[in-house]
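Report on the structure given below.
The values are calculated or read from the model by the stated rules, or taken from the named source; none is laboratory data. Predicted model only: the values in this text are computed from it and were never measured. A quick note on method: Cβ atoms are made from the backbone with ideal geometry, for glycine too, and the neighbour counts reach across all protein chains shown. These accessible areas exclude ligands, DNA and RNA; they are computed on the full protein's heavy atoms, side chains included. Shrake-Rupley method; radii C 1.70, N 1.55, O 1.52, S 1.80 Å.
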Amino acid sequence: MAATTHRAPSGTRDILPPESQRWTALLELFEREAVLAGYGLVLTPLFEDLSLFSRGVGESTDIVAKEMYEFEDKGGRALALRPEFTASVVRAFIQHRPATPWKVWYWGPNFRYERPQAGRYRQFFQLGAEALGTADPALDVEMVALAWRLIESLRLTRVTCLLNTLGDANCRPQYRAKLIAYVSEHEHELCPEHQARWRQNPLRVLDCKKEPCRRATQDAPLQLDHLCDECADHWKRVRDGLDTVGIPYQVEPRLVRGLDYYTRTTFELAAEALESAQNAVGGGGRYDGLVEELGGPATPAIGFSLGIDRLLLACDADGVFAACSSVLDAFVVDLVGGWQASAVTDELRRAGVRADRGFECEDGRPRSLKAQLRAADRSGAAVAVIVGADEVAGGTATLKPLRGGAEQVSVRREEMVGAVRALIGDSRL
Ligand code: AMP
């Protein structure tokens, strides 16, 4: 019987080099921004008690309704693969009670059982940040700025920051009642999905991209026009702050976002280059009630998550942040066998030069010079370091620049690292 050939499960994918280099480069950029703003890395489990997500996120959300990867472990515990970060971060906050404001950043995979398509996976990756412990609008501004600075460092230009406020426990219920009254009268004009489900989360109707919902809600009341004094003041201060710091945004009174624990400030980064149903590279907002809802002390908080897969799709569409083609600076060609080439390679690596070496044939003998130079060229290295019998005997190394056509040179072994560095410098200019 033929062996089964395995493939990555539907909705998941392998990220191989050199594409994976963009991922590390992206994470480095984000880590830099986060660390500059005083955020520390938090690592939480990939799975949690199912009840963390099904209770915390709210009964009406899509995730809880149909997208969760739930399972029972061998001990009979009901668990779920993490569908999002915020609930896990809040759980960790409640469990450990760190000093506030507690500012953390993260990245990693999340899991949702969705219909796979371009930009939508069952295992997808997010990066983001959460800050718990202050209701100061300065924190809202800092959070939007943190997300926006990453967009800027990626040189994405066709991204818009959409901004809205969802009110709070004081003014949202009254607004919600008004919206429900309005939608009840227009129920039959909604898209089929929302006709069936709008009562579960009436606010989502405003955010629906489908034409019937758009038309039906044209004159619907908006939260922005129904804020209590405190929320109106918060909203004004957030906008003032963003204007002062120089973060461009567009007020979008229909922005609701999928998870229904958001209060006050909510924002989304929309990429023009992506297809409209999937054009959000990420978003976030305040969730002042969530910590309490999950059993902790009343704690205001705000955060955001951006989808790494989609950020990179937006970069592709805009032709920015390309994969770096070369992963190597030097390739050591071994013509003698033994350990000389390994010693040279190690010396280069210790000096911070990215180096690899040729490996021997199956018969245990070194490959030909020609074959190894071909491998060196394919590796993208800027220089080949040739270790042959003459070099070993004479205590030298031969350096062959692989780009730009310069002549090869012979240098004393002690000068090799410096000479390689000089050549790399030349080729990188
Ligand atoms: P959400 O947690 O639903 O607000 O999603 C935040 C961001 O995560 C989205 O804007 C996407 O960039 C990304 N995202 C969410 N779900 C998926 C998915 N199934 N596949 C790829 N990216 C996703």
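Brief remarks on what is shown
- Scanning the range 113-143 for residues that are at pLDDT 95 or above and under 22 Å from Ala314 (Cα atoms) yields Tyr121, Arg122, Gln123, Phe124, Phe125, Gln126, Leu127, Gly128, Ala129, Met143.
- Residue match in the range 285-293 (condition: touching a Cys at 6+ places or on another chain (Cβ under 9 Å) and more than 16 Å from the ligand (Cβ to nearest atom)): no
- With respect to the conditions (1) more than 16 Å from the ligand (Cβ to nearest atom); (2) open to solvent by 50 Å² or more (accessible area, probe 1.4 Å), Ala317 lacks only one, and its number is (1).
- Output for the range 148-204, where each listed residue is hydrophobic (A, V, I, L, M, F, W, C) and open to solvent by 70 Å² or more (accessible area, probe 1.4 Å): Ala169, Ala196
- Candidate set: the range 337-362, residues that are in contact (Cβ under 8 Å) with a residue 60 or more places away in the chain and part of a loop (DSSP other than H, G, I, E, B); chosen: the one surrounded by the most Cβ atoms within 10 Å (Cβ to Cβ): Val353
- All of Ala138, Ala131, Ala145 fail the test of being small (Gly, Ala, Ser), open to solvent by less than 10 Å² (accessible area, probe 1.4 Å), away from the ligand (no atom under 16 Å from the Cβ) and under 18 Å from Ala37 (Cβ atoms), apart from Ala131.
- Arg77 being at pLDDT below 95, away from the ligand (no atom under 16 Å from the Cβ) and over 23 Å from Ala145 (Cα atoms): no
- Within the range 108-123, the set of residues being crowded, with 21+ Cβ neighbours inside 10 Å and not in a loop (DSSP other than H, G, I, E, B) comprises Asn110, Phe111.
- Taking each residue of the range 28-47 that is touching a residue at least 24 places away in the same chain (Cβ under 8 Å) and looking for partners that are of a type in the set (Val, Ile, Thr) with beta-carbon atoms closer than 9 Å, six or more apart or interchain, yields Ala34/Val104; Tyr39/Val104; Gly40/Val104; Leu41/Val35; Leu41/Val104; Val42/Val89; Val42/Val104; Thr44/Val89.
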